[in-house]
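Below you'll find the structure, written out as structure tokens, and then a few comments.
The values are calculated or read from the model by the stated rules, or taken from the named source; none is laboratory data. The structure displayed is predicted, hence computed values, not measured ones. In this analysis, Cβ positions are derived from the backbone assuming ideal geometry, glycine residues included, and neighbour counts consider all displayed protein chains. Just the protein is used for accessible areas: all its heavy atoms, side chains included, with ligands, DNA and RNA removed. Shrake-Rupley method; radii C 1.70, N 1.55, O 1.52, S 1.80 Å.
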Amino acid sequence: MANPLTGRDVIEIPDLTREDVHLIVATARDFEERLQRERVIPLLEQYILATLFYEPSTRTRLSFEAAMHRLGGRVISVAEVTSSSVSKGESIDDTVRTIEQYADVIVMRHPEAGAAHVAAAAIGIPLINAGDGSRNHPTQALLDLYTIEKERGSVDGQTIALVGDLKYGRTTHSLAEALVHYQVQLLLVSPAELRMPERVLQQLQRAGVEYRETEDIEEAVRQADVLYLTRIQRERFPSPADYDRFQGVFHVDPALAARSPRNATVMHPLPRVDEISHQVDALPQAAYFRQARNGVYVRMALLALVLGAV
Ligand code: NCD
């Protein structure tokens, strides 16, 4: 029987059921384990992935491409939209309808919230959202869950602090939405002007997730099992002066990390600017590069599931 994600788009976390989330995590675990013994798991030899990024990316694009290669599949890519007809004014719909002629699945990143919906509606092959503006980043949230489970033994029971730009930080929105499927406590740590959007808070309330909003990172360090730092999203601010007010507001160094009674796991979707000092990297609880690696396993799971190969 086909898995329930076969042929589906992955646009935002609320589209996924709890069972879907568990299936993705379990499939990623299986792939990670198999990759200890095999370099390639040839499930997608028949398939082509197209990556279409209208915004910069290092980890998301490369880990999707690596994931496809690890599954024996092929990749075609519009690395920079300036090198494609988008720079001539082509619409998203026309672009993805064309790519649909060449590929079996599309991974797309776009600066506008909702762009992934528009693109997915225009085509019949699965579209995976690799970030749409400041709104969603569902595949990052899934790899974040996977990382928390691996680093802490389980997601349930953890106190998780999301720290930084919770207004524009799409990874924190999608992660908070994914955490409604677990028994967790959330600390939402941001400047008052960069609070988590109401629409996400309402989902937490509806799901009965306990959360507290604070501006105090010390409080988070005292209470959290996981410190999830994020960058202030400079490119989303109306003006550079607005950004300057918040630059460097939260900073974790070894002295602060040492004050965590629970030895909190330090995560970051990366890129970091100045949220975590480089001296933290050597600490065992610094998980952000392992987190980036986990992106390959989780994206392998997503590709294999939506293409119906597992
Ligand atoms: C994030 C993104 O693009 O939203 N990066 C990523 O995918 N790992 C985080 C960010 O840009 O701050």
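ASP274 fails exactly one of the following numbered conditions: (1) within 16 Å of the ligand (Cβ to nearest atom); (2) over 21 Å from the mean Cα position of the chain (by Cα); (3) of a type in the set (Asp, Glu). What is the number of that condition? Of everything listed in (1) within 16 Å of the ligand (Cβ to nearest atom); (2) over 21 Å from the mean Cα position of the chain (by Cα); (3) of a type in the set (Asp, Glu), ASP274 misses just condition (2). Residues that are closer than 16 Å to ARG61 by Cβ and open to solvent by less than 30 Å² (accessible area, probe 1.4 Å) within the range 259-293 comprise PRO269, LEU270, listed in sequence order.
ASP253 falls short of the stated requirement of being in contact (Cβ under 8 Å) with a residue 24 or more places away in the chain, in contact with a His (Cβ under 9 Å, 6 or more places away or on another chain) and among the charged types (D, E, K, R).
Can you confirm whether the range 130-147 contains a residue that is at negative phi and away from the ligand (no atom under 16 Å from the Cβ)?
no
The set of residues in the range 153-193 that are touching a strand residue (DSSP E or B) at 6+ places or on another chain (Cβ under 9 Å), within 21 Å of HIS251 (Cα to Cα) and among the charged types (D, E, K, R) contains only ARG170. If only residues of the range 105-122 that are open to solvent by 20 Å² or more (accessible area, probe 1.4 Å) and among the hydrophobic types (A, V, I, L, M, F, W, C) are counted, the one that is farthest from PRO14 (Cα to Cα) is ALA122.
Of all residues in the range 277-310, those that are touching a strand residue (DSSP E or B) at 6+ places or on another chain (Cβ under 9 Å) and within 12 Å of the ligand (Cβ to nearest atom) total 3.
Within the range 125-146, is there a residue that is among the basic types (Lys, Arg) and closer than 28 Å to THR17 by Cβ?
Here is the first cut: in the range 125-146, the residues among the basic types (Lys, Arg) are 135.
Next, only the ones that are closer than 28 Å to THR17 by Cβ stay: 135.
Among the residues of the range 125-146, at least one is among the basic types (Lys, Arg) and closer than 28 Å to THR17 by Cβ, which makes the answer yes.
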